[in-house]
Amino acid sequence: GDMLLMEIANRLRVHTRSTPTGEPWCAARLGGDEFVLLMERVKSLDEARDLAAELLEKLSAPYHLAGNEIRTSASIGIVLGDDKYKCADEVIRDADAAMYRAKADGKARAVTFDRQMHLAVQARHKLETDLHRAIERDELTLEYQPIISLETGSVEGFEALLRWDHSDMGRIMPMDFIHIAEETGQILPIGNWVMHRACEQLVSWRQTLPDSQLSMNINLSRNQLIHPNLTREVSEAIHNSGVDPKWLNLEITESAIMRDMDTALGVLKELASLGVKIVMDDFGVGHSSLYCLKELPLNMLKIDRTFVSNMESNIVYPAIIQAVAALTHNMGIGLVAEGVETADQVAQLQALECNFAQGYLFARPMPPDRCIQFIKRSADGTSMIGLKRPA
Ligand code: C2E
Ligand code: CA
Ligand code: CA
């Protein structure tokens, strides 16, 4: 790694010496694998873009290090300095934003910082600061989406889904802030809040509906999974709410588990020993090995929405679901299909012997009081569920 960095630095030095005017640019390593190049007195942005294109080419040529041929690529962010900038840090921050865009767009390219990116940086900064206060300002809420048994048509339980009701931006969906919470570490207090809130909600529903056997699914992020306090916090939430842990299903994505398989295995075993159930979420898109599946203390797989939503258009998808169903049956665990939107999908899933389903067809995520109505309606047969047993 060090040799590669030195060679990259060398190419930068050699190459930036041969500037059109013959003047050397200032090149420096910022840290890690990040370098910065300061071009002074450029006449236009095109000059910077041309140099970036040349650099991309030069840096992607093979490296010969200790007898090995190595290939790599660079992502370049370009920013044009002007008197809007008060200090170098601001320029570097924006160059950084452009570089991350270059990475996100598929790497090995140069991206110029523009006004839109500027707005995005500002918006993100605002979300980050506001998120810090979201819990204390009581802006977070949970909605719940029912999970339906495909065998009986009854409501098995609910998945708790986080919403952020921002004081002036309105409702913000998890897709737009969970990743920020994860990057800033805020997901730990937020995740903990979710855990407590969802447990209390379940206890309250079970008091209102003593005959129900409702369970609660709670999403955990990878940061929570690898945090040493997780088990303690889960057990605190159980203790404080008085919920019976066997009604709790903790959902962790396949990719989060697989990224730290060794840690995950230990933590999931600890969690399982508390009596909670473990669901592998978004199954099918995160590269599990069958060996790992066998090792993990799983109670359920939740097959990713993409498989369900493509069921009717491509016969490969029902075939995959069938294979996953066979796998879960052999492992003795349950299978949930998420993102179910049509009656046709329900019929197919029933034929494939999938156990549970969740999706807009049954209900969108909703506030707690509507959930009670939903359960009552589905119990007295007046709901829209109308499941038919397969012929
Ligand atoms: P997920 O865990 O896969 O949750 C399912 C998402 O699919 C939810 O989006 C749900 O509203 C949506 N959905 C349900 N049925 C349908 C359907 O029939 N069609 C379509 N198109 N979508 C459907 P939502 O609520 O926006 O949540 C998005 C993601 O945010 C979740 O994906 C989960 O990864 C994350 N998330 C939500 N709440 C939490 C939380 O409390 N903690 C953590 N760590 N992540 C959360
Ligand atoms: Ca989930
Ligand atoms: Ca999912």
Among VAL203, HIS15, PRO365, whose Cα lies farthest out toward the positive end of the dipole of the chain, if unit charges sit on the beta carbon of Lys, Arg (+1) and Asp, Glu (-1)?
PRO365
Round to the nearest 10 and give me the degree value, 0 to 90, for the angle of helix 2-17's Cα axis relative to the longest principal axis of the chain.
50
Nearest 10, in degrees from 0 to 90: the angle of helix 316-331 to the longest Cα principal axis of the chain is 60
Might you tell me the accessible area per residue for the chain, computed with a 1.4 Å probe and given in Å²?
53
Report, in degrees rounded to the nearest 10, the 0 to 90 angle that the Cα long axis of helix 368-379 makes with the longest principal axis of the chain.
40
In region 334-376, which GluC sites (Glu not before Pro) fall in coil by DSSP and have 16 or fewer other Cβ atoms within 10 Å?
GLU341, GLU353
If you take every residue apart from ASP304 with its C-beta less than 9 Å away from the C-beta of ASP304, what net charge results, scoring Lys and Arg +1 and Asp and Glu -1?
-2
Taking 233-245, 273-285, 122-134 and ranking on average Cβ neighbours within 10 Å, highest first, one gets 273-285, 233-245, 122-134
Environment charge at SER204 (Cβ cut-off 13 Å; Lys +1, Arg +1, Asp -1, Glu -1):
0
Of LYS246/LYS269; LYS58/LYS84; LYS86/LYS107, those spanning more than 25 Å from alpha-carbon to alpha-carbon:
LYS58/LYS84; LYS86/LYS107
How much of the accessible area of the chain, in percent, comes from carbon and sulfur atoms when a 1.4 Å probe is used?
52
Counting only helical runs of four or more DSSP H residues, what would the 222 nm mean residue ellipticity of the chain come to if each run contributes -39,500 (n - 2.57) and the total is spread over all its residues?
-14500 deg cm²/dmol
Mind ordering 144-151, 2-9 by average Cβ neighbours within 10 Å, highest first?
144-151, 2-9
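The values are calculated or read from the model by the stated rules, or taken from the named source; none is laboratory data. Model, not experiment: these values are computed from the prediction. So basically every Cβ, Gly included, is an ideal-geometry build from the backbone, and we count neighbours across all protein chains shown. The accessibility values were calculated without ligands, DNA or RNA, using every heavy atom of the protein model including side chains. Shrake-Rupley method; radii C 1.70, N 1.55, O 1.52, S 1.80 Å.
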